[in-house]
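Read through the structure below, which is laid out as structure tokens, and then see the notes.
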Amino acid sequence: MEIRDVREGFEKRIRKENTAFFHDQIKIYRKMKVLVATEKPFAKVAVDGIRNVVEKNGHTLALLEKYTDVNQFYQAVADADALIVRSDKVTKEVIDHAKNLKIVVRAGAGFDNLDLEACTARGIVAMNTPGQNSNAVAELVMGLLVFAVRNFYNGKSGSELMGKKLGILAFGNVGRNVARIAKGFGMDVYAFDEFVPADKIEEAGVHAVANRDALFEACDIVSLHIPATAETKQSINYDVVNKLHKGGILINTARKEVIDEPSLIKLMGERTDIKYVSDIMPDADAEFKAFEGRYFATPKKMGAQTEEANINAGIAAANQISDFFATGNRKFQVNK
Ligand code: 3PG
């Protein structure tokens with residue numbers, strides 16, 4: 001039975017027997033307002049899917065897309081019970097404006113855009129949807145790599161990925177998908193993840209290396225899949241990237257914050273063989289652009305921008321919210 005039917009059942013009972021019990025039940029099953037706030041919108045088909053899940057569960061959907069001013073976000077969230085976002089920043093100010101908010105779901109993997117402390121302080125449950133967009137990001141890694149080794153399609157002879165040594169830094173959902181696809185290209189794949197034991201990496205047919213520096217030393221290309229945390233921010237610097245083989249490529253589809261941009265710029269000035277390809281526009285885009293033919297950044301983060309990823313992550317978020325309201329399920333909570 002769907003939540004909407006349960007609620008309607010209680011409403012009928014209230015009309016017959018006006019008891020406190022049925023009033024309490026109605027409160028539990030009341031209609032919740034779910035706001036989707038996406039500066040970079042989901043594909044329409046994904047929004048339709050989210051709406052379907054939300055309404056099927058007896059709730060209502062509000063949509064704020066392509067907003068240009070944070071005040072629009074503050075206004076839209078004011079009466080929302082639940083919030084679905086992508087990379088949109090859910091700051092303390094957003095939380096302060098969201099008087100009814102009970103749950104926020106980041107439709108995606110990285111939740112560095114959520115102020116978890118502010119959520120916890122207000123008793124708001126914060127979740128992500130791990131794994132839902134990882135194939136999309138992994139496919140983009142391979143697309144950007146082909147683009148890079150073919151000299152950004154400038155017409156000159158480039159090289160092939162087959163036989164190249166690819167290092168994957170962090171072997172989570174995206175890293176595993178990159179390994180799977182890269183093996184199809186005939187690449188020799190290596191990985192390091194401080195939280196994944198070497199035997200788990202080897203089980204996936206990937207060479208496990210002892211630490212991050214050993215990964216850079218062993219490889220022609222390194223693909224970053226680390227989250228942005230206090231430990232990882234600015235951790236990819238001159239000394240680390242300098243360990244790459246001659247003609248090395250650093251590819252970043254994770255977060256710009258993990259790069260120490262000034263020191264990478266210094267290195268690229270000294271080592272004219274190194275390329276940097278990023279799915280997140282660096283702060284120092286203008287300076288990187290000076291390395292013509294060795295630098296490329298997507299104008300907007302494109303990793304998860306596929307209909308499939310939008311559907312997977314968006315619908316997972318809608319289901320997690322509906323489930324939370326119906327049963328209290330907190331499986332994907334990240335602010336425990
Ligand atoms: C993620 O963390 O899931 C990806 O970076 C995707 O971000 P996006 O939803 O803003 O495209």
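The values are calculated or read from the model by the stated rules, or taken from the named source; none is laboratory data. Worth saying up front: this structure is predicted, and the values here are computed from it rather than measured. With ideal geometry, Cβ positions are generated from the backbone for all residues, glycine too; neighbour counts draw on all protein chains shown.
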Find the residue count for the stretch 214-257, including only residues that are more than 16 Å from the ligand (Cβ to nearest atom) and closer than 19 Å to ASP273 by Cα.
23
Pair list, Cβ under 9 Å, 6 or more apart: the stretch 260-278 residue surrounded by fewer than 16 Cβ atoms within 10 Å (Cβ to Cβ), other residue of a type in the set (Asp, Glu) and part of a helix (DSSP H, G or I):
PRO262/GLU287
The conditions are (1) within 16 Å of the ligand (Cβ to nearest atom); (2) free of Cβ contacts under 8 Å to residues at least 40 places away in the same chain; (3) of a type outside the set (A, V, I, L, M); (4) outside any loop (DSSP other than H, G, I, E, B), and GLU287 fails exactly one of them. Which is it?
(1)
Boolean, VAL90 is crowded, with 22+ Cβ neighbours inside 10 Å, touching a helix residue (DSSP H, G or I) at 6+ places or on another chain (Cβ under 8 Å) and touching a residue at least 60 places away in the same chain (Cβ under 8 Å):
no
Could you list, in sequence order, the residues of the stretch 130-145 that are β-branched (Val, Ile, Thr) and near the ligand (Cβ under 8 Å from one of its atoms)?
VAL137
For the stretch 76-135, give me each residue that is of a type in the set (Gly, Ala, Ser) and assigned to a loop (DSSP other than H, G, I, E, B).
ALA78, ALA80, SER87, ALA98, ALA107, GLY108, ALA109, GLY110, GLY123, GLY131
If I ask for residues that are touching a Leu at 6+ places or on another chain (Cβ under 6 Å) and under 11 Å from ASN319 (Cα atoms), which ones from the stretch 48-65 would you list?
ARG51, VAL54
Do the conditions hold for ALA126, that is, is it within 16 Å of the ligand (Cβ to nearest atom), among the small types (Gly, Ala, Ser) and crowded, with 20+ Cβ neighbours inside 10 Å?
yes
How many of the residues in the stretch 56-72 are assigned to a helix (DSSP H, G or I) and under 20 Å from the mean Cα position of the chain (by Cα)?
0
Which one is surrounded by the most Cβ atoms within 10 Å (Cβ to Cβ), of the residues in the stretch 320-334 that are of a type in the set (S, T, N, Q) and under 22 Å from ASP112 (Cα atoms)?
GLN320
Whether any residue in the stretch 227-235 is under 24 Å from GLU308 (Cβ atoms) and touching an Asp or Glu at 6+ places or on another chain (Cβ under 9 Å) is what I want to check.
yes
From the list MET302, MET281, MET268, exactly one residue is more than 19 Å from ASN173 (Cα to Cα), hydrophobic (A, V, I, L, M, F, W, C) and within 13 Å of the ligand (Cβ to nearest atom). Which is it?
MET281
For residues in the stretch 80-93 being within 20 Å of the chain's Cα centre (by Cα) and hydrophobic (A, V, I, L, M, F, W, C), which is nearest to the ligand (Cβ to nearest atom)?
VAL85
How many residues does the stretch 176-208 hold that are more than 21 Å from the chain's Cα centre (by Cα), among the hydrophobic types (A, V, I, L, M, F, W, C) and surrounded by 21 or more Cβ atoms within 10 Å (Cβ to Cβ)?
4
Does ALA179 meet the test of being in a strand (DSSP E or B) and either touching a Ser or Thr at 6+ places or on another chain (Cβ under 8 Å) or closer than 23 Å to PHE147 by Cα (or both)?
no
I need every pair where a residue in the stretch 42-61 that is modelled with pLDDT of 95 or more and surrounded by fewer than 16 Cβ atoms within 10 Å (Cβ to Cβ) has its Cβ under 7 Å from the Cβ of a residue that is of a type in the set (Asp, Glu) and part of a helix (DSSP H, G or I), sequence separation at least 6 or different chains.
VAL45/GLU307
Filtered residues of the stretch 136-172 (kept if outside any loop (DSSP other than H, G, I, E, B) and among the aromatic types (Phe, Trp, Tyr)):
PHE147, PHE152, TYR153
Please identify the pairs in which a residue from the stretch 297-313 that is more than 23 Å from ILE249 (Cα to Cα) has its Cβ atom under 6 Å from the Cβ atom of a residue that is surrounded by 17 or more Cβ atoms within 10 Å (Cβ to Cβ) and of a type in the set (Val, Ile, Thr), counting only partners at least 6 apart or on another chain.
ALA313/THR129
